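First up is the structure itself, then whatever we jot down about it.
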Amino acid sequence: MQSQTIDPAQTELNHHHAAVEGHHEEHPDHRLFGIFVFLIAEGMIFMGLFGAYLAFRSTLPVWPPAGTPDLELLLPGVNTVNLIASSFVMHNADTAIKKNDTKGMRTWLAITAAMGAIFLVGQVYEYTHLEFGLTTNLFASAFYVLTGFHGLHVTIGVLAIVAVLWRSRTPGHYSNEKHFGVEAAEIYWHFVDVIWIILFGLLYLL
Amino acid sequence: MTQAQLQETANIPVHIPEPGVRKWQDYFSFNTDHKVIGLQYLVTSFIFYCIGGVLADLVRTELRTPEVDFVSPELYNSLFTLHATIMIFLWIVPAGAGFANYLIPLMIGARDMAFPRLNAVAFWMIPPAGLLLVASLVIGDAAEAGWTSYPPLSLVTGQVGEGIWIMSVLLLGTSSILGAINFLVTLLKMRIPSMGFHQMPLFCWAMLATSALVLLSTPVLAAGLILLAFDLLAGTTFFNPTGGGDPVVYQHMFWFYSHPAVYIMILPFFGAISEIIPIHSRKPIFGYKAIAYSSLAISFLGLIVWAHHMFTSGIPGWLRMFFMITTMIIAVPTGIKIFSWLATMWGGKIQFNSPMLFAMGFVGTFVIGGISGVMLAAVPFDIHVHDTYFVVAHLHYVLFGGSVLGIFAAIYHWFPKMTGRMFNETWGKVHFALTIVGLNMTFLPMHKLGLMGMNRRIAQYDPKFTLLNEICTYGSYILAVSTFPFIINAIWSWLYGEKASNNPWKALTLEWMTTSPPEIENFETLPILTTGPYDYGVKHAPANVSPSENPVFRADLDEPYPSIESDIETRI
């Protein structure tokens, strides 16, 4: 190949360097992509736990082991509907900010956070009324560890939404062009929702 | 046009950092520069290599005689457990991450990693995790169940240490996941526009494959360790048969990570060797795409072969068959790499300097480890030698003869870039000679020991194994001695070595197109690719040029390649 005349402006980062002077924002597309990659890893933890659950299930002759009280379906069912609905609510927040509607976004975010909190309260209520403990048998242990680990993720999701709400007090912090925080929280929230649907099917319905 | 004019026309602020601007204090700080973090990884992991090496020598000293006479059996168990854990999780894996951190942004023309702060977080998880492990040994109740930590054994021995072990490994796993996310995003999104996937250096391809493996497999180990921690600390019985649990499930979860982990430990150095061999043979790499894609193939196959560690765990016969065949297939992409390296060297003008010697040592010893790996993949043979020293010999040929030689090759190769100084060639050769002799003397007799039936992980053995064990032990002392020339050489050369030019090897990849050591944001102005990364000895092939008018670059580029004439003749 022959040597060529080089225009430094053609190289992405030089160009970027010039373009972003006085505007120290990171590449939003990279961050969003990073969140997706991160969620693959998160998903694999849950896949590991689900796989282990299915393995325990297949090695024991009776599942759940004899003497495990039946699970009530009403409360977790309502909780499931609540969580699925909250994903749609969360999506409204994203739609709102893309129309530069900060107030609408804040409202939808607050509702999502509240729904998430209700889910957690429901889960704790369910825990206190179950007739088995962590070490009762293999099913009970798996039940608490899996739902507990998911509950931890719901908690992180709620905290993320609250953090976005907190930041959005500053006018113009989020706009139709700059809303990585909202999108990241949204993707995470959908992830938590999808995991719960699998978990609910595995633990309660299967 | 001067650089200032060039930048003015491109509307780029004139910003000329001094070369080598980092002070030594920066390397002890919470820094976000990928080069600082890379060196922090490398130096930290090397310290743990020394600690792990001392533990290994204590193990070997105990095994010099058939009786238990040097340490107590419990301490012996802790020693080999921590030796393995430290060498794997605190030396080889972080060393790979260290090179990746240092080199990836430079090689793809980025100013830093995609997420510099996340990068720092990932590094700073390592020292506390390592200190935890070392502390558990000091308090005298370290984990005793081997690095695999198989329950139910791990639930009843050294329980405090076991808890610490789980916490430490979880921390290290988190660190490597965060690192992998960073590498993937950086490699996929931050290459200079003129660099497509097929212009990417092979080290970057290798890290792409490695990071994908880390991302998919490490979380499963985390899940297994979470369940194990509940068993240990909260009284659940996931893996405890007395409560209806199934220890084999743990083995599946553990090996779903830990088998890919061997590729996490070797792929980065496959990548480094693919850089080193063409440069020091002055020939284009043979089969660029074959090497690049074989990394991905190894990654994929690595994820579906884990149960070959469990042929004696009572898994069904058809499952053994599947894992035997897939395991053997991995020899194909690995063989492709080996043949490509040999074909690259064939007819090249090989420069027998330290990096190249270590690279050639890598190829030789890794082949031995690879072949014993294929032997172990065969179910009947594996059942015969399971948990014997044959397995120990195999894994040390792969991990020491492979990864560790690869690390040293890479250190020597990039030492001028990282420190701005040349290392001392004579001491490098002494280091290489001692390492190769020590390595083979330590691990070669273990094949025979395994075939004779000596179990691994025992402090006491049948006196008929004494002679071979003595040879192994003295070999391990030679290995211990071999690190001293390296340490002295590294420290002395870093401080007082001959100043290195920007491109002492006359290489074509982008990391050599900047100052040694690179300035803070890597490139004054970013280079533009005009040629592939491995066009050595190709007539009239221009080097990748930096648009900067820096006379240092010019001086480098105007020098003819040392062997360019002979290369043209030998090329077909």
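The values are calculated or read from the model by the stated rules, or taken from the named source; none is laboratory data. It should be emphasised that the depicted structure is a prediction, and the values quoted were computed from it without experimental measurement. Here the Cβ positions follow ideal geometry from the backbone for every residue, glycine too, while neighbour counts run over all protein chains shown. Surface areas here come from the heavy atoms of the whole protein model, side chains and all, with no ligands, DNA or RNA. Shrake-Rupley method; radii C 1.70, N 1.55, O 1.52, S 1.80 Å.
Pairs of Cα atoms in chain A fall into 10 Å distance bins, from 0 up to the last occupied one, in shares of 8, 28, 26, 17, 11, 6, 3, 1 percent. Counting Cβ atoms of other protein chains within 10 Å of each residue's Cβ and taking the mean over peptide B:235-247 gives 4. Put simply, chains A and B cover up around 3900 Å² of each other's accessible surface, both sides summed, when a 1.4 Å probe is used.
Taking amide hydrogens as placed 1.01 Å from N in the peptide plane, the amide H of B:ARG421 sits under 5 Å from those of B:ALA500, each at least 5 positions away in sequence or on another chain. Does segment B:75-160 classify as rounded, prolate or oblate by the C-alpha gyration tensor (a ≥ b ≥ c root eigenvalues; a/c under 1.5 gives rounded; else a/b over b/c gives prolate, otherwise oblate)? It comes out prolate by the Cα gyration axes. Split the accessible area of chain A by element, probe 1.4 Å, and carbon with sulfur accounts for 65%. For trypsin sites (Lys or Arg not before Pro), the sites in segment A:151-194 that DSSP calls loop and that have at most 13 other Cβ atoms within 10 Å are A:ARG169, A:LYS178. Distance from the Cα centroid of segment A:40-86 to that of segment B:361-404 is 40 Å (rounded to whole angstrom). Cross-link partners of A:LYS98 among lysines, defined as those whose alpha carbon lies under 16 angstrom from its own and excluding same-chain residues fewer than eight positions apart: A:LYS178. Take the Cβ atoms of B:PHE484 and B:ILE520, set R0 to 41 Å, and the FRET efficiency comes out at 0.75. Sorted largest first by accessible area at a 1.4 angstrom probe radius, with every protein chain in place, the residues A:TYR144, B:TYR76, B:TYR293 fall in the order B:TYR293, A:TYR144, B:TYR76.
Counting only DSSP H runs of at least 4 residues, each contributing -39500 (n - 2.57), and dividing by the residue count of chain B, the helix-based mean residue ellipticity at 222 nm comes to -21500 deg cm²/dmol. What separates the Cα centres of segment B:138-193 and segment B:498-512 is a distance of 36 Å. Check every DSSP H run in chain B and write down those whose alpha carbon atoms cover 15 angstrom or more along the long axis and whose mean Kyte-Doolittle hydropathy is 1.6 or greater. Once both thresholds are applied, what remains is B:126-138, B:202-234, B:354-377. Based on Cα contacts under 8 Å between residues 6+ apart, segment B:165-222 shows a relative contact order of 58 percent.
Using C-alpha pairs under 8 Å with a sequence gap of at least 6, the mean separation divided by the residue count of chain A gives a relative contact order of 27 percent. Protein heavy-atom accessible surface, 1.4 Å probe, per residue over chain B: 35 Å². For the peptides B:173-179, B:227-233, the ranking by mean Cβ contacts within 10 Å, running from highest to lowest, is B:173-179, B:227-233. Interface residues of segment A:128-168, defined as those losing at least 20 Å² of solvent-accessible heavy-atom surface relative to the isolated chain (probe radius 1.4 Å), are listed as A:LEU134, A:THR135, A:LEU138, A:SER141, A:VAL145, A:PHE149.
Anisotropy class assigned to the protein assembly as shown is oblate, per the alpha carbon gyration tensor with a/c at or over the 1.5 cut-off and a/b no larger than b/c.
Here chain B exposes an accessible surface that is 70 percent carbon and sulfur, computed with a 1.4 Å probe and the other protein chains kept in place. Scoring B:523-532, B:455-464, B:133-142 by mean Cβ neighbours within 10 Å over their residues and listing the highest first yields B:523-532, B:133-142, B:455-464. Peptide B:180-189 is shielded by partner chain Cβ atoms: per residue, an average of 4 of them sit within 10 Å of its Cβ. Sorting B:504-511, B:68-75, B:186-193 by their mean Cβ neighbour count within 10 Å, with the most densely packed peptide first, gives B:504-511, B:186-193, B:68-75.
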